[in-house]
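One structure is given below, encoded as structure tokens.
Please treat every number below as a calculation from the coordinates, not as lab data. In this text the structure is predicted, and so the values were computed from the model without any measurement. We place every Cβ from the backbone using ideal geometry, glycine too, and count neighbours over all the protein chains shown.
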Amino acid sequence: LAAGLLLTASQAQAANLLANPGFEQNSGHAIPVGWTRFAPPTAQAAGNYWIEGNVPPQSGLLYFKEWGASYNGTNNAAGIYQDLSSASGSTYQASGWFFTGSDTLGPDCYVWVEVSFLGSSSNLLALYKSDTFAAGAGTGSWFQYQVNHACNISSPVSIGDPFFNTYTITGTVSQLVAPVGTTTVRYRFVYVQAASEGGSCYFDSAVLNQISGPPPPAISNLFPLNMIFINPGDGISFNVSSSSGSS
């Protein structure tokens, strides 16, 4: 019986933590249910996203579509994310699927998925990224990308967007480890538009599996889902409730 309970607990922890990971809960020009949008303050008011199923999705009936946010001649990063409660020492694995087709990503545009760990004041403690996906990977097919690269958060890298930095990759990992002081784990899809280049990327079947550590309570974001993104460390706060509580 004890062995069975341990196996059940392990399987439960390995379940996907993300809400609406296949973007099936709403459609059209809308932010996906359960996700938060981020974009630079220069983003076009009409928005740069859609939920559709015009090509066969990787799974289900729908996927999330993202294209350039600004078209003002300056690189910009935009996308969607989810925050969940986490604890020091918890471990995770993460991935996502990308597609570009007839509306092919611009030659210098690219996307990735990442997992970051934040402290109690939303300060960045650790960051892990997937490889970047671009049109050169191929068109007309879905590609799965694993979050398997550790970053050095003391070594920022500019992507040409004054409102967004990423960080130098230092090596490859098999699990994502929450460092000491972690209170939040963030899963994020990032689309980088180069200058005013066009094209779009489809995103589907997002996964954030918890491998070890205590089950996370739910986080209720106090801000509306279409808020402009503020980089971690700029003082965003969150309400934490039990998993049985309401948002």
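Let me check I've understood the local charge: for Thr100, count other residues with C-beta under 13 angstrom from its C-beta, Lys and Arg +1, Asp and Glu -1. What total comes out? Let's see the in-between values first.
Working: positive: Lys65; negative: Glu66, Asp103, Glu197, Asp204.
Net charge around Thr100: -3.
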Around Asn26, which amide H atoms from residues at least 5 apart in sequence, or from another chain, sit under 5 Å from its own amide H, with H modelled in the peptide plane?
Val33
Treating the Cα atoms of region 42-146 as identical point scatterers in vacuum, please give the log10 of the normalised Debye intensity I(q)/I(0) at q = 0.13, 0.17, 0.23, 0.24 Å⁻¹, two decimals.
-0.60, -0.98, -1.38, -1.42
Taking 103-113, 16-26 and ranking on average Cβ neighbours within 10 Å, highest first, one gets 103-113, 16-26
For Leu61, what is the net charge nearby, where nearby means another residue's Cβ is under 13 Å from its Cβ and Lys, Arg count +1, Asp, Glu -1?
-3
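Quick one: net charge around Ile51, please, counting Lys, Arg +1 and Asp, Glu -1 for every other residue with C-beta under 11 Å from its C-beta.
Working: positive: Lys65; negative: Glu24, Glu52, Glu66, Asp204.
Around Ile51, the surrounding residues sum to -3.
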